[in-house]
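**Q** Dropping a structure here in structure tokens format, bear with me for questions.
The values are calculated or read from the model by the stated rules, or taken from the named source; none is laboratory data. Bear in mind the structure is a predicted one, so any value in this text is a computation, not a measurement. Glycine gets a Cβ as well: all are built from the backbone with ideal geometry, and neighbour counts include every protein chain shown. Note: areas computed on protein heavy atoms with side chains; ligands, DNA, RNA excluded. Shrake-Rupley method; radii C 1.70, N 1.55, O 1.52, S 1.80 Å.
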Amino acid sequence: MNQPAIHSLTVALGPRSYPVWIGAGLLADHARWRAALRGRHALVISNTTVAPLYLPRIEAGLHGLRWSPFLLDDGEAHKTFANVGRALAALAELGATRDACVIALGGGVVGDLAGFSAACWMRGIDFIQMPTTLLAMVDSAVGGKTGVNLPAGKNLAGAFHQPRAVVADLDTLTTLPEREYRAGLAEVVKGAAIGDAAFFAWLEQHADALAARDPAAVMEAIARKLQYKAGVVARDETEQGERALLNLGHTFGHAIETTGNYTAVLHGEGVAIGMRLAAQLSERLGLSQPADGARLQRLLEQLGLPSAIPPGMDAQQLLGLMRLDKKNSAGQLRLILWRGIGRAEIVAGVAEADVLAVLRATV
Ligand code: NAD
Ligand code: GLY
């Protein structure tokens, strides 16, 4: 495939609509993103792994502003309220006014925390997402879900707060570890599995190119996933209905991630395993055919993603964690299942015995 150019799309939310740019060299394309900064102050939130690699690329673009970096230690364990408090203190130290901007330079952990900090400062200031992982590019940086983890659970505190722009510089993926890259591919597959059968077929055809990080294939995969997600977000910004579909595999996946203490299983890996389990449960409930589950399993394997629960995890314990999921209501399990590729749906009142049977068959 040929070297890709810059791809642009818009998340259409009326006066809060914003551009998403995908392409090589975007961090250094200062004129493009600087236009999204309205005030005189900026806080760049990043972490100790990403900042040494990529902060220098944006520094010259901040010329003339009063700005400072705020660096988190690396890892999910640092997506905490305490660090939001520290980020807000850094904004205070900067003298940030209502027109200040937070810039999130990093993966989903940085993006979620930076976005939530922006949502809190003076009841909401601008922020720009500069995602540097594939997962953040294709999912977390777009759509305005921000937040942090609490001791009681993952992502339990947060706000819907949309960015002003998303700058996805493909050059940053060159330093992304292989396992993180593949975890991001799971979020690409997820979008296709939920609602875009043609995209799923394209992924099957380009699985080898994607696994080899072919730039044009990567660009097209990101663009197609985001086009799909942007449409869902535009129709249901605050997840009153359709947006819940974007959680295919999440209820299983979060339980697996939590059991692995957020280190044994990456978020994207949890989603991959969770999607497979959701397909198996759909089959068990007579919603879908085995052929669809088999195609999903094959694609995940081709992309080097896990599809089985790691050894040693207990089915009953996983079910207990699934009962805490935010989508449940009135004490009933509410899961995203599917009728086949590209046809996900919300299913309420799923019997715990069926979930347990599927979990037991895979542990
Ligand atoms: P992450 O932010 O922890 O990044 C993964 C690892 O890659 C980290 O060690 C990070 O320092 C490193 N890294 C990042 N960019 C790099 C680069 N270019 N080169 C080298 N190393 C790099 O994890 P993630 O997978 O990006 O995001 C997971 C988080 O996103 C979770 O907290 C999850 O809850 C959240 N999430 C949020 C949404 C949403 O809609 N807001 C959606 C999906 C996931
Ligand atoms: N990652 C799911 C969503 O953005 O709604």
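**Q** Suppose we filter Ala308, Ala344 for residues that are hydrophobic (A, V, I, L, M, F, W, C), touching a residue at least 60 places away in the same chain (Cβ under 8 Å) and either open to solvent by 40 Å² or more (accessible area, probe 1.4 Å) or within 25 Å of Thr133 (Cβ to Cβ) (or both); which single one remains?
**A** Among Ala308, Ala344, only Ala344 is hydrophobic (A, V, I, L, M, F, W, C), touching a residue at least 60 places away in the same chain (Cβ under 8 Å) and either open to solvent by 40 Å² or more (accessible area, probe 1.4 Å) or within 25 Å of Thr133 (Cβ to Cβ) (or both).
**Q** Tell me which residues, restricted to the range 69-113, are open to solvent by less than 30 Å² (accessible area, probe 1.4 Å) and more than 26 Å from the chain's Cα centre (by Cα).
**A** Leu94, Ala96
**Q** With the requirement that a residue be within 15 Å of Gly268 (Cα to Cα), assigned to a helix (DSSP H, G or I) and within 12 Å of ligand 1 (Cβ to nearest atom), what does the range 226-256 give you?
**A** Leu246, Asn247, His250, Gly253, His254
**Q** Counting residues that are in contact with a helix residue (DSSP H, G or I) (Cβ under 8 Å, 6 or more places away or on another chain) and within 20 Å of Val148 (Cα to Cα), which strands (runs of 3 or more DSSP E) fully inside the range 1-100 reach at least 3?
**A** Per the criteria, 41-47, 66-72.
**Q** More than 16 Å from Val102 (Cα to Cα) and among the β-branched types (Val, Ile, Thr) - does that describe any residue in the range 51-70?
**A** No, because not a single residue in the range 51-70 is more than 16 Å from Val102 (Cα to Cα) and among the β-branched types (Val, Ile, Thr).
**Q** Check the range 209-216 and report whether any residue there is within 13 Å of ligand 1 (Cβ to nearest atom), touching a residue at least 12 places away in the same chain (Cβ under 8 Å), touching a Pro at 6+ places or on another chain (Cβ under 7 Å) and part of a helix (DSSP H, G or I).
**A** no
**Q** On the given criteria, is Val148 under 23 Å from His78 (Cα atoms), within 16 Å of ligand 2 (Cβ to nearest atom) and outside any strand (DSSP E or B)?
**A** No, not satisfied.
**Q** If Arg360 meets every condition in (1) assigned to a loop (DSSP other than H, G, I, E, B); (2) in contact with a helix residue (DSSP H, G or I) (Cβ under 9 Å, 6 or more places away or on another chain); (3) open to solvent by 70 Å² or more (accessible area, probe 1.4 Å) apart from one, which number is that one?
**A** It fails just one condition, (1).
**Q** Something else now. Here are the criteria: (1) surrounded by 19 or more Cβ atoms within 10 Å (Cβ to Cβ); (2) without any contact (Cβ under 8 Å) to a residue 60 or more places away in the chain. Tell me which single one Thr132 does not satisfy.
**A** (2)
**Q** For the range 227-283, how many residues meet the condition of being closer than 30 Å to Gly14 by Cβ, polar (S, T, N, Q) and in contact (Cβ under 8 Å) with a residue 40 or more places away in the chain?
**A** The number of residues fulfilling the criteria is 3.
**Q** Within the range 163-170, is there a residue that is part of a helix (DSSP H, G or I) and within 22 Å of Gly304 (Cβ to Cβ)?
**A** There is at least one residue in the range 163-170 that is part of a helix (DSSP H, G or I) and within 22 Å of Gly304 (Cβ to Cβ).
**Q** Specify which of the listed residues (Gly270, Gly320) is away from ligand 1 (no atom under 16 Å from the Cβ) and in a helix (DSSP H, G or I).
**A** Of the residues listed, the single one that is away from ligand 1 (no atom under 16 Å from the Cβ) and in a helix (DSSP H, G or I) is Gly320.
**Q** Being within 11 Å of ligand 1 (Cβ to nearest atom), assigned to a loop (DSSP other than H, G, I, E, B), in contact with a strand residue (DSSP E or B) (Cβ under 7 Å, 6 or more places away or on another chain) and modelled with pLDDT of 95 or more narrows it down to one of Val142, Val110, so name that one.
**A** Val142
**Q** Does any residue of the range 192-208 turn out to be open to solvent by less than 10 Å² (accessible area, probe 1.4 Å), closer than 22 Å to Ile6 by Cβ, modelled with pLDDT of 95 or more and touching a Leu at 6+ places or on another chain (Cβ under 9 Å)?
**A** Within the range 192-208, not a single residue is open to solvent by less than 10 Å² (accessible area, probe 1.4 Å), closer than 22 Å to Ile6 by Cβ, modelled with pLDDT of 95 or more and touching a Leu at 6+ places or on another chain (Cβ under 9 Å).
**Q** Only one of (1) within 13 Å of ligand 2 (Cβ to nearest atom); (2) closer than 17 Å to Leu305 by Cβ; (3) of a type outside the set (Gly, Ala, Ser) fails for Val232. Which number is that?
**A** Tallying (1) within 13 Å of ligand 2 (Cβ to nearest atom); (2) closer than 17 Å to Leu305 by Cβ; (3) of a type outside the set (Gly, Ala, Ser), Val232 fails exactly one: (2).
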